[in-house]
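The values are calculated or read from the model by the stated rules, or taken from the named source; none is laboratory data. In this text the structure is predicted, and so the values were computed from the model without any measurement. Neighbour counts are summed over all protein chains in view; Cβ atoms, including those assigned to glycine, are modelled from backbone coordinates with ideal geometry. For the accessible areas, the whole protein counts, side chains as well, though only heavy atoms, and no ligand, DNA or RNA atoms are used. Shrake-Rupley method; radii C 1.70, N 1.55, O 1.52, S 1.80 Å.
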Amino acid sequence: MKRKHQLISDAFKAKKQRLAVGPETGEKEGPEAIESALQYLASLFPRKLFEDALPPLILKHQVYSLVKDRTTVDRCLNQLKEEGRIRMFQHGFDADSLVLTFTDSYQSKVLEFVSGKEFARTVRKFLDSVLASCTDISFNKKRMLREFGFSDAEITQLVNAGVLTVRDAGSWWLAVPGAGRFVKYFIKGPKAVLGMIQKAKYKEVLLSDLQNRRAPSSVKLGLPYHVHDIIGAQLVDCVPTSSGTLLRLADD
């Protein structure tokens, strides 16, 4: 399924400039700035909306809204992934839109989700054997059977638990159980926020003014969350002014 952002990008022909909004990262663009950005973005995730059943979910490109050097962001995030501190997921958006969360939070919420269910033992086995030793975002059948020692029935249990989702015949994505509602809300949100900017005079609005406005009902994840989304996804231009950051839809 192609991510709806591509449709938005085509419709508005949004181009490319980033400006940090949120925590002050200054000129720092190394691991410290990346971790600060992740903590800040995680704090924007509306846990209560999902009855605290999900770990804080961050889109990889949201980090680009806070740290300008994308190469540094990619390198540091990959390092955090290889160290096992964060996990990455492909949840039905386009190939470049990865979801990430902290590994500890992911494991904790998965265990809460499967507690008392028939597949809980299999999920714990998966977390202990696969997640602890492998940072991949997808797994094929051969590897699951031979390297990790899961049976066909156990793989089916992992799919039923929502820990794996089908990628194609014989392979699966690592997944966040119960994340379907998040995906639905996430797809609708940026359309509404971009619509707010489009309706403004000259199709531009000060960031501070936008964040103080009442969001449409479809913006369930919160305006700040989606502001970092549309900036990081390069759907708006960020223009520094004496009054603050101006968000502007690109000219046709």
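Between residue 35 and residue 145, the FRET efficiency estimated from the beta carbon spacing at R0 = 25 angstrom works out to 0.10. Using a cutoff of 8 angstrom between alpha carbon atoms and counting only pairs six or more residues apart, the relative contact order for the range 96-252 works out to 16 percent.
Placing pseudo-labels 7 Å out from each Cα toward the beta carbon at residue 167 and residue 108 gives an inter-label distance of 2.9 nm.
Mean residue ellipticity, 222 nm, helices only, the chain: the sum of -39500 (n - 2.57) across DSSP H runs of n ≥ 4, divided by residue count and rounded to 500, is -12500 deg cm²/dmol. Just checking the listed ones, 134, 238, 76: in the Gaussian network model of the chain with Cα springs under 10 Å, the one fluctuating most is 134. Among 152, 237, 136, the sequence by solvent-accessible area, most first, with a 1.4 Å probe is 152, 136, 237.
Computed from Cα atoms, the angle from the helix 70-82 axis to the main principal axis of the chain rounds to 20 degrees.
The angle between the Cα long axis of helix 31-44 and the longest principal axis of the Cα atoms of the chain comes to about 90 degrees, rounded to the nearest 10.
For the set 60/188; 142/184; 68/220, the pairs lying more than 24 angstrom apart at their alpha carbons are 142/184; 68/220.
Sketch the reach of a paramagnetic label on residue 206 as a point 7 Å from Cα along Cα-to-Cβ, and name the residues of the range 220-242 whose backbone nitrogen lies under 15 Å away. Within reach of a label on residue 206: 239-242. Where Lys and Arg each count +1 and Asp and Glu each count -1, what net charge lies around residue 157 among other residues with Cβ under 14 Å from its Cβ? So the surrounding residues net to +1. Of the labelled figures (i) 40, 24, 19; (ii) 35, 19, 16; (iii) 33, 28, 13, only one reflects semi-axes √(5λ) of the Cα gyration tensor in Å as derived from the coordinates, namely (ii).
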